[in-house]
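The values are calculated or read from the model by the stated rules, or taken from the named source; none is laboratory data. Since the model is a prediction, treat every value here as computed from it, not as a measurement. Virtual Cβ from ideal backbone geometry, glycine too; neighbours counted across all protein chains shown. The area values use the complete protein model at the heavy-atom level, side chains included, leaving out ligands, DNA and RNA. Shrake-Rupley method; radii C 1.70, N 1.55, O 1.52, S 1.80 Å.
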Amino acid sequence: MLARNPGISNLRYLPKWIKTQRISLIGFVTAACLFNMLAFQVPLLKYAFSVSNVNELDGLIQIVSLQVLQFCLLAMLLFLMSAISIFVTKLVAAVLLICNAVGLYFMMSYGMDIDRSMIANIFNTDIRETTGLLHIAIVPYVLFLGLLPALLVLLVGVRAPRRIWRFACAVGSIAVLILWIVSTSFTVLWYDKHASRMGSKILPWSYIVNTGRYFNRLAMENREQVLLPKAHFIAESSSKKDVVVLVIGEAARADRFSALGYARDTNVFTADQNLIAFPIGLSCSTNTISSAACILTHEGRSASSRTTFEPLPSYLKRQGISTILRTNNSGPPPMDVDLYQTTAEILAGCTAVDCPKQGYDAVLNWQLSGLIRQTESNRVFVTLHQTGSHGPAYYNKYPPEFEYFKPVCKTVQIAKCSDEELNNAYDNTIRYTDSLIADLITQLERMTDVNATLIYVSDHGQSLGEDGYYLHGAPIAFAPIEQREIPFLVWMSDGFQQSRGLSAATILRDETFPHDFPFHSVMGAFGLRSDIYKPQFDIFNIGKGHF
């Protein structure tokens, strides 16, 4: 005899077909996924169609891929919930329907995206502000797309197979998605280009994922940092300012620097500026967040992306060194600096006719020497975090006048470009970065009252189609070497060299540890010592122990 559907027997006034209807678990999940795709896709499809050419086969496959992605992910979630219980599955489906209906109302009514910043606004909005956004127009959304479908979901009976088969269905959903992604791998670059916008429009994942991202970021920002031991200076500050500039590049692979043997002249701007190129070394990671943690902590390559040790700028600030951070990127750990500026904030203060163009790394260099002069401290540390050579839109990373190597790949679907076009676009980004390093050196050289040094290191490398790989982020265990080999470049002013008895020959090493060097070398440049200082990773340490 069939078991009665829990919770229905007492609902005597419901229509008989609802009380007796029982569908299979697969049928229930399929219906839930199809309804989700039919009811809540308008904002997503509107955007997807605007950035995809559906008149071509690739464009159609991109749109179809969105449907497969949504179906398989929601199916996986519901099947996993069914392994707990059918009631939990139905409850989750019902709650998601109501939340989707509310989310769709706000997306359609206000044109908003449900990204991490919007989730932050939701959690930080009071009742008065929330009620000010509500309108009677929300009722049809919530009633017809949320409450009524949710009630039906809760009432309908579901025939459930054994738990092992429920779990197998979840695995099967993911397997289908993986097979689809592999067979349509050319769409990955399209997803990478538009992931942030599409991800904020796809229900229910926009609020599920971004709520997780919000609380993860909140935990990262509020985590209690472990303060490093008190440091001391081994020499009194001179009459000249000591200035150290650390430039963190993005996705710059070492084999594309002519200073490191590349046949193309990608380092033409710094060729006559005594820029010292260390032997090629390996990054600690293939993603920005992990690599930034390595670069800015005393742990170096041993650092976790969630390290709790205070980063280099915070540490230096506590020692009385003026700290400036300018960024055109994301990923560095939370830190306390004297001046933190995004490129938007830098440009907000630019009223001259020659302001740099928004989006380019040249903004980071704008009037940096004047900013250094204004600091009251006699020791200044500057961190510049570039967007560098981040793909796939390499052609957007440099101004048109820096399109030196031609023709270039001018699409995010870089797998469709020829090797020549892709390499030209990428090499132009390296050449542009070289021009910015040259500009920084020129600014520092013109400051005759400063002893300065500049360190450039990339966060990771980049794949350009070798063995079928593009971009970066591959797991470190099998990451292509192109994603890990990075440059480490150093420039020293004459005053800096003379005051410390250094030269290019004395600081060069046989082996380079790109993400171990920065923290301890910056300490060395300022003559700073503490218990965590590692002289073997201080390129300015030549065994003297003092300047």
- How many residues does the stretch 346-389 hold that are under 24 Å from the mean Cα position of the chain (by Cα), charged (D, E, K, R) and surrounded by fewer than 20 Cβ atoms within 10 Å (Cβ to Cβ)? 1
- Message: Take the conditions touching a residue at least 24 places away in the same chain (Cβ under 8 Å), open to solvent by 60 Å² or more (accessible area, probe 1.4 Å) and within 23 Å of N365 (Cα to Cα) and apply them to I289. Does it pass?
- Response: yes
- Note on the structure: Every listed condition ((1) of a type in the set (A, V, I, L, M); (2) open to solvent by 10 Å² or more (accessible area, probe 1.4 Å); (3) in contact (Cβ under 8 Å) with a residue 60 or more places away in the chain) holds for A263 save (3)
- Query: Quick one: in the stretch 508-547, which of the residues that are under 22 Å from N378 (Cβ atoms) and open to solvent by 60 Å² or more (accessible area, probe 1.4 Å) is modelled with the lowest pLDDT?
  - Reply: H546
- Can you tell me how many residues in the stretch 197-244 are closer than 30 Å to L145 by Cβ, of a type in the set (A, V, I, L, M, F, W, C) and assigned to a helix (DSSP H, G or I)? 5
- Test T89 against the criterion of being part of a helix (DSSP H, G or I), more than 27 Å from F186 (Cβ to Cβ), of a type in the set (S, T, N, Q) and open to solvent by 20 Å² or more (accessible area, probe 1.4 Å), and give yes or no. no
- Message: Please verify whether P392 is crowded, with 20+ Cβ neighbours inside 10 Å and of a type outside the set (S, T, Y), treating the condition exactly as stated.
- Response: yes
- Selection within the stretch 449-463 - under 24 Å from N423 (Cα atoms) and either surrounded by fewer than 23 Cβ atoms within 10 Å (Cβ to Cβ) or of a type in the set (F, W, Y) (or both): Y456, S463
- Note on the structure: Those residues of the stretch 395-421 which are within 30 Å of S521 (Cβ to Cβ) and open to solvent by less than 20 Å² (accessible area, probe 1.4 Å) amount to Y398
- Given (1) under 19 Å from W491 (Cα atoms); (2) free of Cβ contacts under 8 Å to residues at least 24 places away in the same chain, number of the condition I437 does not satisfy: (2)
- Please work out which one of (1) closer than 16 Å to F144 by Cα; (2) open to solvent by less than 30 Å² (accessible area, probe 1.4 Å) is the condition L38 fails and give its number. (2)
- Identify the residue in the stretch 113-136 that is among the aliphatic types (A, V, I, L, M) and open to solvent by 40 Å² or more (accessible area, probe 1.4 Å) and, among all such residues, is modelled with the lowest pLDDT. L133
- Could you grab the pairs with beta carbons closer than 7 Å, sequence gap of 6+ or different chains, first residue in the stretch 24-46 and assigned to a helix (DSSP H, G or I), second one of a type in the set (G, A, S)? L25/S82; L25/A160; V29/A75; A32/A93; C33/A75
- Message: If I filter the stretch 198-221 for residues that are out of contact with any helix residue (DSSP H, G or I) (no Cβ under 9 Å at 6 or more places or on another chain) and open to solvent by less than 30 Å² (accessible area, probe 1.4 Å), do I get at least one hit?
- Response: yes
- Query: So which of F540, F513, F519 is within 28 Å of the chain's Cα centre (by Cα) and in a loop (DSSP other than H, G, I, E, B)?
  - Reply: F513
- Tell me, please, whether a residue that is of a type outside the set (D, E, K, R), at negative phi and without any contact (Cβ under 8 Å) to a residue 12 or more places away in the chain can be found in the stretch 375-397. no
- Can you spot a residue in the stretch 310-327 that is over 18 Å from I455 (Cβ atoms), of a type in the set (G, A, S) and open to solvent by 40 Å² or more (accessible area, probe 1.4 Å)? yes
- Considering only the stretch 326-343, state which residues are under 22 Å from T429 (Cα atoms) and at pLDDT 90 or above. R326, T327, N328, T342, T343
- Message: D272 - would you say it is open to solvent by 50 Å² or more (accessible area, probe 1.4 Å), without any contact (Cβ under 8 Å) to a residue 12 or more places away in the chain, assigned to a loop (DSSP other than H, G, I, E, B) and more than 17 Å from L364 (Cβ to Cβ)?
- Response: yes
